[in-house]
Structure formats: structure tokens, C-alpha cells
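A.B. asks: Handing you a structure now.
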Amino acid sequence: MIAVRNNFMENKNYSLIYRTIHWLIAISFVLLMITIFLRMYWMNKTHVSDIIADFLKDKSFSLTEEERILLAKKIRKPMWQWHIYIGYFLVGIFSLRMVLPLFGIMPLPNPMQQKISQVVKIQKWVYLLFYLCVSISLVTGLLIEFGPKEWKSSVENIHELSIYYLLTYIALHLAGILYADFVSDKGIISRMIGGGNK
């Protein structure tokens, strides 16, 4: 992921379609991460259940823990729906990203190319691994929604692992881009925003 000045990265301009798809995917991932962290922490069913219990302790009625958990899930459901909607959007935009190379637009990284450095080969393998992980996340997400109910538990376990590769990839990607912009491929950030050499 660490970008170096070479034939793969040097002075590369990014087309409008490339930049649009890149930023739509990036924004989708950020929004998905927000919904994941909300579900894991601030809107965690146990945390919300405890808030409900605290609120009801001075009231004339109470709820069992099971009822509070059920209510907590209902409270956070509208927020979680956004995770699902963003997931559908990402399925569409990522599918477009995978189809465009068939038309000679946004070719996929090819780590088997001749005359590229080992660093660039590693970069390209990382991109391909990332695309594979995204594909698995999207397929498992769709299976959770539309697949057989008996698969749901095991598929959810695989889907939940997405957060680990995603955080790792984001950290590597940001580190590589910052390194490139300051050291080896100056202007890459502005080209990803504006498209041309700066």
C-alpha cells in the first residue's frame, strides 16, 4: 500500500468516473463504520437496556431484562436500517467497479505485470485482497438479508469479521497515501480530488 514513485503511481491522473467511484466507496465505508460503532457501543442493546432500566426504577412499573433488550433492539432498528441501505448502495457501486474493467475503464490491479517493483506488486496484491474481502462482506450481508434462515448465524459470524480487514486496510491506505503525497508521489491527494496534476 505504501506508494512509491514508479510507473504505476507516477504522475497518474484520475478520471472523473474513477474519482467518483473511489469517493462513493470510501464514503460508504465510513458511514458503515459509523453504524457499526453505534451498534457496538452507544446503541449496544445491553447499554440501551440499562438506560431503560435506570429510567424505570422510579416508575410504578418495570420490564424484565428480556423485554428491555427487545425494546432496545426496536429503538436502534431505524439506525441499523441505514447500515442495510448503505450496504445495498455499496453492492451497486462496487459491482460497477468490478464491471468497468470489462469495458477498458478502471482496470483492476495486475500484480503479475513485468517491469514493476516488488513494492508495487505488493500494493497490487493488497488491492486485490481488499476487493476479495469486500466481495465476501457484501455477499454475506446479502445472505443475512435474503439467504436461508439456517445460514444466518454462521454467515453473520463471517460478516462481522469485516470490521477487522476494513480498519486494517483504511490504516494502510491512509498511511500509504500520506507517505506518497509527502515523499514519493507529491500531489496524489489533490489529483484524487481534482483529477489533474497539481
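None of the figures in this text is laboratory data; all of them are computed from the coordinates on show. What you see is a predicted model; the values in this text were computed from it and never measured. All Cβ positions, even for glycine, are placed from backbone atoms using ideal geometry, and neighbour counts span all protein chains on display.
A.B. asks: From the list 105, 144, pick out the single residue that is aliphatic (A, V, I, L, M) and touching a Lys or Arg at 6+ places or on another chain (Cβ under 8 Å). Step through it out loud before you land on a result.
C.D. replies: Working: 105 fails: touching a Lys or Arg at 6+ places or on another chain (Cβ under 8 Å).
Being aliphatic (A, V, I, L, M) and touching a Lys or Arg at 6+ places or on another chain (Cβ under 8 Å) holds for just one of 105, 144, which is 144.
A.B. asks: Now for a different question. Of the residues that sit in the range 112-121 and are without any contact (Cβ under 8 Å) to a residue 24 or more places away in the chain and loosely packed, with under 15 Cβ neighbours inside 10 Å, which one is farthest from residue 28 (Cα to Cα)?
C.D. replies: 114
A.B. asks: Any residue that is of a type in the set (Val, Ile, Thr) and either within 23 Å of residue 145 (Cα to Cα) or more than 23 Å from the chain's Cα centre (by Cα) (or both) - is there at least one of those in the range 98-107?
C.D. replies: Checked against the condition, which is being of a type in the set (Val, Ile, Thr) and either within 23 Å of residue 145 (Cα to Cα) or more than 23 Å from the chain's Cα centre (by Cα) (or both), the range 98-107 yields no hits at all.
A.B. asks: Here's something else I'd like to know. Quick one: would you say residue 16 is under 22 Å from residue 188 (Cα atoms), in contact (Cβ under 8 Å) with a residue 24 or more places away in the chain, of a type outside the set (Asp, Glu) and out of contact with any helix residue (DSSP H, G or I) (no Cβ under 6 Å at 6 or more places or on another chain)?
C.D. replies: yes
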